[in-house]
Amino acid sequence: MHHHNTQINPIFRKGSNQAAVLLIHGFTGTPDCLRYVANYLHSLSFTVSAPLLPGHGSTREKLAKTDWKEWYQTVKQAYSDLKKDYARIYVVGLSLGGLLSLKLAQDYPDNIHAMACLATPTKLNKWAEKLLPIITNTPLKYMYRYQKKLEPDVKDPQARINFYDIDHMPISCIQSIIKLQKLVRINMSKITCPTLLMHSRYDSTAPFESMNDIANNISATHTETVALENSFHLITIDYEKDLVCEKIGDFFVRFRE
């Protein structure tokens, strides 16, 4: 289903070799926040595919009807579609997309050539961790279905204006993300593919400690971490987006053979 709004459409661009990159966007976002990275990787001859996760690019009500298993189903489908045509599959995930990437790498350890997890939260912020059990275990759960988002977590004001997302987060989805986080944390050691991790020190959405949490617990042959100094959470559209592209490009090209 394609929408009139190009910011919502899945991205697919064919490259000129046997390598394809699956790009997975974040919670409440759309493939558009990965367009810049996708175009850059395409310029390096990679085929790029960025699906739209279920419930996203629509309304908060539709989003609330989905959960991590449905999002992951879409990721797995996009992965197996690429697997049919390409010998080498790479993955880029932003935020929730990073969590889904980690899950994919846990489930298909021999089939992912390399991956980049960007601003990936292995836990939620302190306020969310304290607040959610209170909501879940009391009658508040009937009243409190959505958490309004603050303005997008982007330092660059122009990028903030252009960013497309759903501005209310369904609590049910946040609870689902917590389940996914736990599952991913338990299985961290199953990850063996070369992994690049990037995170801004000033991320107010995904705790910065997540980066080392992942780095220290995966079994990857190569792990690289990059701390960004001039971005907030959405590092693929913020001031350092060129650096983000170059680091991912260099890393993937190094493992292209």
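Descending by average beta-carbon neighbour count within 10 Å, the peptides 106-117, 209-220 line up as 106-117, 209-220, the highest first. Karplus-based coupling profile of the stretch 220-232, in residue order and whole Hz: 5, 5, 10, 10, 10, 10, 10, 9, 9, 10, 10, 9, 9, with θ = phi - 60° in 6.51 cos²θ - 1.76 cosθ + 1.60 and x standing for Gly or Pro. The stretch between ILE186 and ARG160 holds 5.9 nm of extra length on full extension. This uses 0.36 nm per residue minus the Cα-Cα distance. Residues whose amide H lies under 5 Å from that of ASN125, counting only those 5 or more places away or on a different chain, are absent; hydrogens are built 1.01 Å from N in the peptide plane. Report summary: the helix-based calculation at 222 nm, which adds -39500 (n - 2.57) for every DSSP H run with n ≥ 4 and divides by the residues of the chain, gives -12000 deg cm²/dmol. Taking the DSSP bridge list for the stretch 11-254 and keeping only pairs wholly inside it, about 20 percent are antiparallel. For the chain, the Kirkwood hydrodynamic radius from C-alpha pairs, put into Stokes-Einstein at 25 °C and a viscosity of 0.890 mPa s, yields a diffusion coefficient of 135 µm² per second.
Each residue of the stretch 116-121 is assigned a 3J(HN,Hα), and the resulting list reads 10, 9, 10, 6, 8, x Hz, derived from the Karplus form 6.51 cos²θ - 1.76 cosθ + 1.60 (θ = phi - 60°), x at Gly and Pro.
If you take all other residues with their beta carbon under 15 Å from the beta carbon of GLN77, and give Lys and Arg +1 and Asp and Glu -1, the sum is +1. Per-residue Karplus couplings for the stretch 46-61, computed as 6.51 cos²θ - 1.76 cosθ + 1.60 with θ equal to phi - 60°, are listed in order as 6, 7, 10, 9, 10, x, 8, 6, x, x, 8, x, 10, 10, 4, 5 Hz, Gly and Pro entered as x.
Past 23 Å, Cα to Cα, is the threshold; run LYS14/LYS83; LYS65/LYS103; LYS62/LYS190; LYS14/LYS65; LYS83/LYS123 against it and keep the listed order. Walk me through the intermediate numbers first.
Details: LYS14/LYS83 14 Å; LYS65/LYS103 21 Å; LYS62/LYS190 33 Å; LYS14/LYS65 33 Å; LYS83/LYS123 30 Å.
Over 23 Å Cα-Cα: LYS62/LYS190; LYS14/LYS65; LYS83/LYS123.
Between the amide H of LEU228 and those of HIS199, SER200, ARG201, distances stay under 5 Å, these residues lying 5 or more places away or on another chain, with hydrogens modeled in the peptide plane.
Here is the list for the stretch 169-218: trypsin sites (Lys or Arg not before Pro) lying in DSSP coil, each with at most 15 other C-beta atoms within 10 angstrom of its C-beta, are ARG201. Distant-in-sequence amide contacts of PHE27, defined by a placed amide H-H separation under 5 Å and a gap of 5 or more residues or a different chain, comprise LEU96, GLY97.
Screening the chain for whole DSSP H helices with an alpha carbon extent of at least 24 angstrom along the helix axis and a mean Kyte-Doolittle hydropathy of at least 0.5 yields nothing.
Just order 59-67, 84-92 by mean Cβ neighbour count inside 10 Å, highest at the front, would you?
Working: 59-67: 16.3, 84-92: 19.4.
Per-residue Cβ counts within 10 Å, averaged per peptide and sorted highest first, yield 84-92, 59-67.
FYI, it's all coordinate maths here, none of it is from the lab. Keep in mind the model is a prediction, meaning the values are calculated, not measured. No Cβ is skipped: glycine too gets one built from the backbone with ideal geometry, and neighbour counts run over all protein chains shown.
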